[in-house]
1. So, in segment 19-56, how many residues would count as being assigned to a loop (DSSP other than H, G, I, E, B), of a type outside the set (Lys, Arg) and modelled with pLDDT of 90 or more?
2. Could you tell me whether any residue of segment 8-18 is small (Gly, Ala, Ser), part of a loop (DSSP other than H, G, I, E, B), at negative phi and at pLDDT 90 or above?
3. Which pairs have Cβ atoms under 8 Å, sit 6 or more apart or on different chains, and link a residue in segment 53-67 that is within 17 Å of Pro33 (Cβ to Cβ) and crowded, with 19+ Cβ neighbours inside 10 Å to one that is among the polar types (S, T, N, Q) and modelled with pLDDT of 85 or more?
4. Ala81: within 15 Å of Glu23 (Cβ to Cβ), modelled with pLDDT under 80 and surrounded by fewer than 14 Cβ atoms within 10 Å (Cβ to Cβ), yes or no?
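The values are calculated or read from the model by the stated rules, or taken from the named source; none is laboratory data. This is a predicted model, so every value here is computed, not measured. Reconstructed Cβ throughout: ideal geometry from the backbone, glycine too, with neighbour counts over all protein chains shown.
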Amino acid sequence: MAPPDFSAATNVSIVAHGGNSWETSVAVSPADPRVMVLGVIDSSSQARISVYRSSDGGVTWSEPQPMTLTASNGLTYIRSADPVVIAEADGSF
């Protein structure tokens, strides 16, 4: 399937409820290019990493899903930096 044509589209605000975001990472599913996942440091969520998902090529996005981050020592952290989203060949993220 071909991805949507955004050549004439305006910017789409993804971050819910306003606020700033930075250190964004976007991945597009190779199995279905309409499916995208965005990882972002989202100040509307106390500078946590949030994940947004689109199934229509980025026209609309889900509400943010805050991530809980677990270190190799088993401790969890609510804040982090530099999110990276990767799409696997089978379409999983």
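1. Of the residues in that region, 8 qualify.
2. no
3. Between residues of segment 53-67 that are within 17 Å of Pro33 (Cβ to Cβ) and crowded, with 19+ Cβ neighbours inside 10 Å and residues that are among the polar types (S, T, N, Q) and modelled with pLDDT of 85 or more, the close pairs are Ser54/Thr60; Ser54/Ser62; Trp61/Ser54.
4. Here the answer is yes, as Ala81 does meet what is asked.
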